[in-house]
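Visitor: Quick one: structure below, then a few questions.
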Amino acid sequence: MLVYPHDLSIGGSQINAIDLAAAVAEAGHDVIVYGIPGPLVSYIEERGLRYVPARPLKYRPAPSRIVQIAALVRSERIDLIHAYEWPTCLDAYYGAGLLLNVPLLCTVLSMQVMPHVPASVPLIMGTSDLAIEARKTHRGQVWVLEPPIDVERDTPLLDGKAFRNRHGVADEEFLVVTVSRLAIDLKLDALVRAIDAADILAGSYPLRLILLGDGPAREALTTRAAAVNRRHGREIVMLPGADLDPRSAYAAADLVIGMGSSALRALAIARPLIVQGEQAFSEIFEPSTVELFLRQGFYGLADGAAGAGRLAAQIEGLIKDPARRTALGRFGREMVTKRFGLQRAANLQLDIYRQVLTEPPRRRLIEAMRSVRLALMLEIANHDPFEKRAKTSREQEVLATVRSGIWPPVLRD
């Protein structure tokens, strides 16, 4: 088997792909992980998997990777390719899938159904809502497989004292932790509102917020955090950078706020959790919200309201009620162990592999042409100098808003 994550930077989707690949290998299958080199190469090696570096051409689909995957298929006698997200799916589809007729499966964990995936390629979606949406236009089979968590590694037995000591967090301080890419897309609204909620509460409670991660928004978020720290005359918000193994950060937290796989890891370590999304979305993970998150994933959209009052009120309620925090942590651990455990997910994925392998690939030239046309149109737009300048300008405007202390931004047309 060839497993192809969309990149090897630190992120939940990539870690999920590697963990599942390791579980499949432990079940007795030969697994190769293929991808553009990044920080997670060491994690691949730690999990005992063979790694083949991908050629780093930035175009999607990338001709050099199409050729490289086809060569790997021949030399390694690959039976199945499992790609994550649409760009890697297209790299595998053209050449190995279309010409060599190698079975291909694509997992989509992003929060939208991209039309670039050829309609006959079997899909795994990360939420029930996305699977329903995908089935409206997709001819191939569509399954749901929620992000898996290794509940043997992510456990309540982990000790967070060293993390608190390293960052100077006293025992009496209430520590809120977010583990996230500090990205502009998808993540920034939640990160800004976390800082602002800490600002609202820091005058009344001995609260600390640590944003663990790195990315293009780090400098702007650091500026906003520094303003909060100056206002209160002490260090409220810290941004110490990325950590390849953030388990001690989760274990150290009195409360975790976040989304996606990071939220699930917090629950596995029995931390109370507030799930964030975009447009001011935040909800406490508790029995009354379980069905919501099982349906739409650990993410959401709200009304875009100004200010972080909603999140601050949720945090404050949990600060005041330690017994509720303990109960929520216990409930979250039970839920993740039962529903999101890695071994359960690996068994489900192996069943999907068997189904993909028993049904011969159904390729159509028209869908191949459609997918490559959509991909090329997107690449042309991405490399258009006017579009690039406009995108850069919008991003700089958003980051300037973060630095200024205002949020949400009001972008010019």
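Visitor: Looking at the stretch 186-283, what % of its DSSP beta bridges pair antiparallel, to the nearest 5?
Guide: 25 percent
Visitor: Would you kindly compute the Cα radius of gyration of the stretch 72-200 and its largest Cα-Cα separation (Dmax), both in Å?
Guide: Rg and Dmax of the stretch 72-200, Cα atoms, are 20.8, 63 Å.
Visitor: Moving on. By how many degrees, between 0 and 90 and to the nearest 10, does the Cα long axis of helix 322-339 differ from the longest principal axis of the chain?
Guide: 10 degrees
Visitor: Shifting gears a bit: Can you give the helix-only mean residue ellipticity at 222 nm for the chain, where every DSSP H stretch with n ≥ 4 adds -39500 (n - 2.57) and the sum goes over all residues, rounded to the nearest 500 deg cm²/dmol?
Guide: Mean residue ellipticity, 222 nm, calculated: -14500 deg cm²/dmol.
Visitor: Just Pro148, Pro156, Pro322 to compare: in a GNM of the chain, with alpha carbon springs under 10 Å, which one fluctuates most?
Guide: In this elastic network of the chain, the residue with the biggest mean-square fluctuation among Pro148, Pro156, Pro322 is Pro322.
Visitor: Let me ask something else about it. Please report the net charge: other residues with Cβ closer than 14 Å to the Cβ of Val228, K and R +1, D and E -1.
Guide: Computed value for this residue: +4.
Visitor: Same structure again: What lysines does Lys136 reach when the alpha-carbon gap must be under 29 Å and sequence neighbours fewer than 8 apart in one chain are set aside?
Guide: The reachable lysines, counting only those whose Cα sits under 29 Å from Lys136, are Lys187.
Visitor: Quick one: net charge around Ala183, please, counting Lys, Arg +1 and Asp, Glu -1 for every other residue with C-beta under 12 Å from its C-beta.
Guide: Net local charge, Ala183 excluded: -2.
Visitor: One-quarter of the Cα convex hull surface for the chain, in nm²?
Guide: For the chain, averaging the hull's shadow over all directions gives 19.7 nm².
Visitor: Percentage of Cα-Cα pair distances in the stretch 141-215 greater than 20 Å, rounded to whole percent?
Guide: 52 percent
Visitor: Further question on the same structure: Return the inverse of the average 1/r over all pairs of distinct C-alpha atoms in the stretch 214-260, which is the Kirkwood hydrodynamic radius, in Å to one decimal.
Guide: Evaluated over the stretch 214-260, this radius sits at 12.4 Å.
Visitor: Please compute the alpha carbon radius of gyration of the stretch 279-377, then divide it by the globular-protein estimate 2.2 N^0.38 Å. Two decimals is fine.
Guide: Here the answer is 1.68, to two decimals.
Visitor: Hey, another quick one. Tell me the angle of helix 188-201 to the major Cα principal axis of the chain, expressed in degrees between 0 and 90 and rounded to the nearest ten.
Guide: With rounding to tens, the tilt is 10 degrees.
Visitor: Return the long-range amide H neighbours of Leu207 (sequence gap of 5 or more, or a different chain), with a cut-off of under 5 Å between placed amide H atoms.
Guide: Those qualifying (amide H under 5 Å, at least 5 residues apart or on another chain) are Phe174.
Visitor: Hey, another quick one. Just for the Cα atoms in the stretch 9-93, what are the lengths along the principal axes, largest first, rounded to whole Å?
Guide: Projected onto the principal axes, the Cα atoms of the stretch 9-93 cover 32, 29, 18 Å.
Visitor: Out of the stretch 308-413, which GluC sites (Glu not before Pro) are coil in DSSP terms and have no more than 15 other C-beta atoms within 10 Å?
Guide: none
Visitor: Of the residues Ala253, Ala96, Ala313, which exhibits the maximal mean-square fluctuation in a Gaussian network model of the chain defined by a 10 Å Cα contact cut-off?
Guide: The residue with the greatest mean-square fluctuation here is Ala313.
Visitor: Once the stretch 48-103 is represented by equal point scatterers at the alpha-carbon sites, with solvent omitted, what log10 I(q)/I(0) does the Debye formula produce at q = 0.16 Å⁻¹?
Guide: Debye intensities relative to I(0), on a log10 scale: -0.43.
Visitor: State the Cα centre-to-centre distance between the stretch 54-128 and the stretch 292-363 in whole Å.
Guide: Using only Cα atoms to place each centre, the spacing works out to 26 Å.
Visitor: If you don't mind, there's one more thing I want to ask. Give me the orientation-averaged projected area of the Cα convex hull of the stretch 323-413, in nm², one decimal.
Guide: 12.6 nm²
Visitor: Sum up the charges of everything whose Cβ sits under 10 Å from the Cβ of Gly97, counting Lys and Arg as +1 and Asp and Glu as -1, but leave Gly97 out.
Guide: Net local charge, Gly97 excluded: 0.
Visitor: Only Cα pairs within less than 10 Å get springs; with that Gaussian network setup on the chain, which residue of Ser261, Ser204, Ser128 has the largest fluctuation?
Guide: Comparing Ser261, Ser204, Ser128 in the GNM, the peak value goes to Ser204.
Visitor: Could you give log10 I(q)/I(0) at q = 0.11, 0.13, 0.24 Å⁻¹ for the stretch 219-296, computed by the Debye formula over C-alpha point scatterers of equal weight, without solvent?
Guide: Each listed q corresponds, in turn, to -0.37, -0.51, -1.18.
Every read-out reported here was derived from the displayed coordinates using simple, explicitly stated rules and does not represent laboratory data. Keep in mind the model is a prediction, meaning the values are calculated, not measured. For neighbour counting, all protein chains shown are included, and Cβ atoms are generated from backbone atoms with ideal geometry for every residue, glycine included.
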